[in-house]
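> Let me give you the structure first, and then I'll get to my questions.
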Number of protein chains: 2
Amino acid sequence: MSDVLAAHRAFYDAVETGDVDLMAALWVDDAGTTCVHPGAPPLKGTAPILRSWTVLMAGVGYIQFFLTDVEVSLLPANDPTTAIVVCTENILSDGGSVESFNGGRAVATSILVRDGARWRFWARHASPLIDPEDV
Amino acid sequence: MSDVLAAHRAFYDAVETGDVDLMAALWVDDAGTTCVHPGAPPLKGTAPILRSWTVLMAGVGYIQFFLTDVEVSLLPANDPTTAIVVCTENILSDGGSVESFNGGRAVATSILVRDGARWRFWARHASPLIDPEDV
């Protein structure tokens, strides 16, 4: 569980510090990986996914994620090979980020897979959290 | 792969036909399951998730999903216990549905787990597909 949370937190550290190499190290390198940015169509394959993060990080001067309601599921329970992490992202940024929506709150579902002792991202889906009072 | 796609399609059949029992049969019954409806905070646990679908189905007279760009990943590759399905939902409905956004297009990431020969939903995250021309 702590290994999963460490990899999940490292992902946000990579975005916050603009660390492209760390981001690349956190993803499985496969044509089948997927990433959905808020409001956007799915990206497929690690190369396009990393490119999108590089572009995003290049376009943001300052960004910080405060994660709340972090929930981790390990599957299968007896010998986990997959982890699902759902959380709310409370985002502070100087704007311009595709991840910054509606006052800076989003919900993310991340799917990590175990590779020996390491957990790496296989898929991620983030979406804007829409305040009912704004609709 | 075909078993996964059949379970994935059955999910949409359940919504289209308002079949609450079918929907319930398609989810793992566990406190750790998660579901993110477009724009909404995460739901956790099968009971609240099924309640949300029942409310949604009760509020929609007509809804039909045309799925495109359906991508399936099976993990681990050698003896899959988890399946990730990403697709674009093209939705026709008479309105009032929380799943109907921006001209009726959404992106969904579904996570299914294998239980013997059956695949059932463990998590789902759907989000509106926002047309860049509308932003």
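> Quick one: which residues, 5+ away or cross-chain, put their amide H under 5 Å from the amide H of A:LEU129? H built at 1.01 Å from N.
Those qualifying (amide H under 5 Å, at least 5 residues apart or on another chain) are A:ARG105, A:ALA106, A:VAL107.
> Can you list residues whose amide H is under 5 Å from B:GLY45's amide H, if they're 5+ apart or on another chain and H is modeled 1.01 Å from N?
Sorted by chain and number, the residues that satisfy this are B:THR33, B:THR34.
> Tell me which residues come under 5 Å, amide H to amide H, from B:THR81 once H is placed; ignore anything under 5 positions away on its chain.
B:LEU75
> Before I look further, what does chain B give for accessible area per residue, probe 1.4 Å, in whole square angstrom?
43
> Same structure, new question: Can you work out ³J(HN,Hα) from phi for every residue in region A:88-93, in order, using Karplus 6.51 cos²θ - 1.76 cosθ + 1.60 and θ = phi - 60°, giving whole Hz and x for Gly and Pro?
9, 9, 9, 10, 10, 8
> Now for a separate question. Can you find, among B:TYR12, B:ALA126, B:SER52, the residue farthest towards the positive end of the dipole of chain B? Put +1 on the C-beta of Lys and Arg, -1 on that of Asp and Glu.
My answer, from the dipole projection, is B:SER52.
> Note the angle between two axes, namely the Cα long axis of helix A:2-17 and the longest principal axis of the Cα atoms of chain A, as a number of degrees from 0 to 90, rounded to the nearest 10.
40
> For the pair A and B, how large is the buried accessible area, both sides, in square angstrom to the nearest 100, if the probe is 1.4 Å?
Buried: approximately 2300 Å² between B and A.
> Give the Rg/Rh ratio for region B:2-134, taking Rg as the radius of gyration of the Cα atoms and Rh as the Kirkwood radius, to two decimals.
Radius of gyration relative to Kirkwood radius: 0.95.
> Loop-only chymotrypsin sites (Phe, Trp or Tyr not before Pro) in region A:1-102, please: DSSP not H, G, I, E or B, and at most 12 other Cβ atoms within 10 Å.
A:TYR62
> Let me ask something else about it. In whole percent, how big is the carbon plus sulfur part of the accessible area of the protein assembly as shown, probe 1.4 Å, protein atoms only?
54
> Shifting gears a bit: By how many degrees, 0 to 90 and rounded to 10, does the Cα axis of helix A:46-58 deviate from the longest principal axis of chain A?
40
> Give me the one-decimal nm value for the distance between modelled label points at B:ASN90 and B:ALA58, 7 Å along each residue's Cα-to-Cβ direction.
3.3
> Related question: I need the inter-copy label distances for B:ARG118: point set 7 Å along Cα to C-beta, values in nm with one decimal, smallest first.
Going from nearest to farthest copy, the values are 3.8 nm.
> Related question: What do you get for Rg/Rh over the protein assembly as shown if you use C-alpha atoms and the Kirkwood form of Rh?
0.94
> Let me ask something additional. Let's see if you can work this out: charge +1 on each Lys and Arg Cβ, -1 on each Asp and Glu Cβ, no other charges. What is the dipole magnitude of the protein assembly as shown about its Cα centre, in debye to the nearest 20?
Computed about the Cα centre, the dipole is about 440 debye.
> Next up: Between copies, how close do the A:ASN78 label points come, placed 7 Å along Cα→Cβ, listed in nm from shortest?
1.8
> What are the distances, in nm and sorted shortest first, from the label point of A:ASP3 to the label points of the same position in each other copy, with each label point placed 7 Å from Cα along the Cα-to-Cβ direction?
When each copy's label point is compared with this one, the spacings are 2.7 nm.
> Output wanted: per-residue J couplings in Hz (rounded whole) for region A:111-127, from phi through Karplus 6.51 cos²θ - 1.76 cosθ + 1.60, θ = phi - 60°, x for Gly and Pro.
So the Karplus estimates, Gly and Pro as x, are 10, 10, 10, 8, 10, x, 8, 9, 10, 9, 6, 9, 7, 8, 9, 10, 8 Hz.
> Okay, helix-only estimate at 222 nm for chain B: each DSSP H run of n ≥ 4 adds -39500 (n - 2.57), divide by all residues, round to 500 deg cm²/dmol; what do you get?
-8000 deg cm²/dmol
The values are calculated or read from the model by the stated rules, or taken from the named source; none is laboratory data. Fair warning: this is a prediction, and the values are worked out from it, not measured in the lab. Please note: Cβ atoms are built from the backbone with ideal geometry, for glycine as well, and neighbour counts cover all protein chains shown. Heads up: the accessible areas ignore ligands, DNA and RNA and are worked out on the full protein's heavy atoms, side chains in. Shrake-Rupley method; radii C 1.70, N 1.55, O 1.52, S 1.80 Å.
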